[in-house]
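Following: one structure in structure tokens, then a few remarks.
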Amino acid sequence: MGASAAPVIIITLFWIVIGGVIPWFVPKNENRGIIQTMLVTTAVCCYLFWLCTYMMQMNPLFGPLIDNKTLTMIYASKW
């Protein structure tokens with residue numbers, strides 16, 4: 001198949017630490033809830049963005065291939 005599982009595991013663990021572990025260590029003050037929410041939201045958004053980008057590279061989409069004869073006819077019809 002091809003794709004290695006190592007990048008997925010490493011990046012997943014990284015964002016789990018950022019969004020699931022670090023919020024527990026935020027110091028207690030009046031903004032603790034906001035900071036925890038920002039950490040979790042940032043981790044989820046960044047992880048989803050990375051995952052979509054990574055998965056898109058597994059099966060890239062290519063446009064239609066045009067042979068030279070068709071391309072020449074299209075170019076000639078413009079003049």
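The C-alpha atoms of the chain occupy a region whose extents along the principal axes are 72, 34, 8 Å, arranged from largest to smallest.
Report, to the nearest whole %, how much of the accessible area of the chain belongs to carbon and sulfur atoms, 1.4 Å probe, protein only. It is 74 percent, rounded to a whole number.
Residue by residue, the stretch 5-19 carries 3J(HN,Hα) couplings of 7, 4, x, 5, 5, 5, 5, 4, 5, 4, 6, 5, 5, 5, x Hz when phi is fed to the Karplus relation 6.51 cos²θ - 1.76 cosθ + 1.60 (θ = phi - 60°); x denotes Gly or Pro. Placing a label point 7 Å from the Cα of residue 50 along the Cα-to-Cβ direction, the residues of the stretch 15-34 whose backbone N falls under 16 Å of that point are 15-23.
Helical content of the chain, expressed as a calculated mean residue ellipticity at 222 nm, amounts to -20000 deg cm²/dmol (DSSP H runs of 4 or more residues, -39,500 (n - 2.57) each, divided by residue number, nearest 500).
In this structure the chain gives 88 Å² per residue of accessible area when probed at 1.4 Å with all protein chains present.
The values are calculated or read from the model by the stated rules, or taken from the named source; none is laboratory data. All values derive from a computational prediction rather than experimental measurement. Counting neighbours? That spans all protein chains shown, and the Cβs are built from the backbone with ideal geometry, glycine included. The area values use the complete protein model at the heavy-atom level, side chains included, leaving out ligands, DNA and RNA. Shrake-Rupley method; radii C 1.70, N 1.55, O 1.52, S 1.80 Å.
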